[in-house]
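**Student:** Got a structure for you, questions after.
The values are calculated or read from the model by the stated rules, or taken from the named source; none is laboratory data. Here the structure is a predicted model, which means the values were calculated and not measured. All Cβ positions, glycine included, derive from the backbone under ideal geometry; neighbour counts span all protein chains shown. Calculation scope for accessible area: heavy atoms of the full protein, side chains included, ligands and nucleic acids excluded. Shrake-Rupley method; radii C 1.70, N 1.55, O 1.52, S 1.80 Å.
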Amino acid sequence: MTLRHMKIFRSICENGFNTTKAAEDMHMTQPAVSLAIKELEQYYGVLLFDRIGRRLRITEAGQKFLDYAIHISSLFDDMEKGMRDWDSFGIIRVGASITIGSRFLPSYIKAFNKKYPGTDIRAFIATSNQLEEKINSNELDFVLTESPLHSANMISEEYMEDYLSVIFPADGRYTNGQKISLDEFKKQKFLLREKGSGTRNTFDIVTERAGFSVTPIWESVSTTALVNGVINGIGISVLPHKMIDGLLNRSLLVSVNVDGLDFRRSFRVMHHKDKYLTSSAKNFIDLCKNYEFSEQNSQYNELL
């Protein structure tokens, strides 16, 4: 049994249990891929896949082997990367949710580059689901997100408190800080972030706990689109306060409280439990924990 056997098995699982696609991914023939799986099963004396018709279904033993294969092959990739890029070991691969990536990450990187010049920071900004896939495939060192990832293999640490604000157009119907009833809130037309985003996950969890759900008239990955929709009276939105506080100060929006709903949450830094974090990565995480944003608010909100 070799590392290549593990990578072939992992490729099959990551390609929907399709040996033909795995063969293309590994630059092998399909019979060679099938032979590798047969050799693994003979070596361990267990079935890794059930063959039902022409489809493969992973067994419990196969799932356990997949966990080992991901762990071992990821450690091997780390070793290869570290040894081949020894002179440029300060590479940080950071992932961020769209909210954190658009609002906070540029400031983090600017401050880090000033303090540690020469470090190569590679960023990936996406939904929480996409970030989890990248962490599990060892394509990211750690992620910054406002929504907990689902995998049990993650280590999670809160690093900043946050909350969502319920925003209305500044047309005189409501005032900042006004409290409205839950029934009044439910009657509104909602402009919300897309499913899979940390902001939408928080919204859905809070409303589900309150016993109702919302079908938005708008969904968007763009906070700017949602904010402009609210300003123009199309509906209301629920967005991170730190992303719209400048607009509230300029009286372009008003923020209200809803009786019985609490949209507080925490930003988290997360990484795989088996991931080795370099000193550069740890320094970046420490900077995120201690960063002050008071000077950045007005600059960011001018862009919305």
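**Student:** Please list, ordered by chain and number, the residues whose modelled amide H lies under 5 Å from the amide H of K189; skip anything fewer than 5 residues away on the same chain.
**Tutor:** Placed amide hydrogens put I236 under 5 Å from K189.
**Student:** With all protein chains present, calculate the accessible area of I125 using a 1.4 Å probe and round the result to the nearest 10 Å².
**Tutor:** 80
**Student:** Follow-up question, since we're still on this one. Suppose all protein chains stay in the model; what accessible area per residue would a 1.4 Å probe give for segment 183-304, in Å²?
**Tutor:** 49
**Student:** Let me ask something else. Accessible area of segment 181-256 with a 1.4 Å probe: how many percent of it is carbon plus sulfur?
**Tutor:** 48
**Student:** Cα-Cα over 29 Å: which of K81/K195; K242/K275; K81/K282; K189/K242?
**Tutor:** Going by Cα-Cα distance, K81/K195; K242/K275 fall outside the 29 Å limit.
**Student:** Just subtract the alpha-carbon distance of K64 and L277 from 0.36 nm times their residue separation and send over the number in nm, one decimal.
**Tutor:** That pair, K64 and L277, stretches by 74.2 nm at full extension.
**Student:** Along the charge dipole of segment 125-169, which of M154, F142, S128 sits closest to the positive end, that is, farthest toward it, with unit charges on the beta carbon of Lys, Arg, Asp and Glu (+1, +1, -1, -1)?
**Tutor:** S128
**Student:** Working out 0.36 nm times the residue gap between K179 and Y44, then minus their Cα-Cα distance, what length gain in nm do you get to one decimal?
**Tutor:** Taking K179 through Y44 to full extension adds about 42.2 nm, to one decimal.
**Student:** Further question: So which trypsin sites (Lys or Arg not before Pro) in segment 109-188 pass both tests, a DSSP loop state and at most 10 other Cβ atoms within 10 Å of the Cβ?
**Tutor:** Within segment 109-188, the qualifying trypsin sites (Lys or Arg not before Pro) (loop, at most 10 other Cβ atoms within 10 Å) are K187.
**Student:** Calculate for the chain the 222 nm mean residue ellipticity that helices alone would give, adding -39,500 (n - 2.57) per DSSP H run of length 4 or more and normalising by residue count, nearest 500 deg cm²/dmol.
**Tutor:** -13500 deg cm²/dmol
**Student:** Mind checking segment 1-100 for trypsin sites (Lys or Arg not before Pro) that DSSP puts in a loop (not H, G, I, E or B) and that have at most 16 other Cβ atoms within 10 Å?
**Tutor:** Those that pass, being in a loop and sparsely packed, are R54.
**Student:** Against the longest principal axis of the chain, how steep is helix 105-115, in degrees 0 to 90 to the nearest 10, with axes from Cα atoms?
**Tutor:** Once rounded, one gets 70 degrees.
**Student:** Taking 0.36 nm per residue of separation and subtracting the Cα-Cα distance, what length does fully extending R51 through E161 add?
**Tutor:** 34.7 nm
**Student:** About the Cα centre, and with charges only on the beta carbon of Lys, Arg (+1) and Asp, Glu (-1), how big is the dipole of the chain? Nearest 20 debye, please.
**Tutor:** 360
**Student:** OK, next. Volume per residue, Å³, of the convex hull around the alpha-carbon atoms of the chain?
**Tutor:** About 161 Å³ per residue, rounded to a whole number.
**Student:** Another question, then. Starting at the first residue of segment 95-101, write each ³J(HN,Hα) from the Karplus equation 6.51 cos²θ - 1.76 cosθ + 1.60 with θ = phi - 60°, in whole Hz, x for Gly and Pro.
**Tutor:** Once rounded to whole Hz, the list reads x, 8, 5, 5, 4, 5, x.
**Student:** Still on this model: Sequence neighbours fewer than 8 away in the same chain don't count; with that in mind, list the aspartates and glutamates whose C-alpha is under 20 Å from K38.
**Tutor:** Correct list for K38: E14, E24, D25, D50, E60, D67.
**Student:** Where a ≥ b ≥ c are the square roots of the eigenvalues of the C-alpha gyration tensor, would you call segment 61-199 rounded, which needs a/c under 1.5, or, failing that, prolate if a/b is larger than b/c, or oblate?
**Tutor:** It is oblate, given that a/c is not under 1.5 and a/b is not larger than b/c.
**Student:** Please give the FRET efficiency for N228 paired with K289, using the beta carbon to beta carbon distance and R0 = 35 Å, rounded to the nearest 0.05.
**Tutor:** Computed FRET efficiency for N228 and K289: 0.60.
**Student:** Cut-off 10 angstrom, C-alpha nodes, Gaussian network model of the chain. Which of F267, F112, F65 fluctuates the most?
**Tutor:** Checking each option, the largest mean-square fluctuation is seen for F65.
**Student:** Note down the magnitude of the dipole of segment 110-237 about its Cα centre, charges +1 on Lys and Arg C-beta and -1 on Asp and Glu C-beta and zero elsewhere, to the nearest 20 debye.
**Tutor:** 440
**Student:** Okay, next question. First measure r as the distance between the Cβ atoms of K186 and N15, then evaluate 1/(1 + (r/R0)^6) with R0 = 51 Å and state the FRET efficiency to the nearest 0.05.
**Tutor:** The formula returns an efficiency of 0.70 here.
**Student:** Of all beta bridges DSSP finds with both residues in segment 120-270, what is the antiparallel percent, to the nearest 5?
**Tutor:** Of all bridge pairs located within segment 120-270, approximately 75 percent are antiparallel.
**Student:** While we're here: Which FRET efficiency value, to the nearest 0.05, do you get for H71 and V214 by plugging their Cβ-Cβ distance into 1/(1 + (r/R0)^6) with R0 = 35 Å?
**Tutor:** After rounding to 0.05, the efficiency reads 0.30.
**Student:** I need the Debye-formula profile for segment 162-302: one equal scatterer per C-alpha, no solvent, reported as log10 I(q)/I(0) at q = 0.10, 0.15, 0.17 1/Å, two decimals.
**Tutor:** Ignoring solvent entirely, the Cα scatterers give -0.39, -0.80, -0.98.
**Student:** Extending each Cα 7 Å along its Cβ direction at T29 and D78, get the distance between those two points in nm, one decimal.
**Tutor:** 3.8
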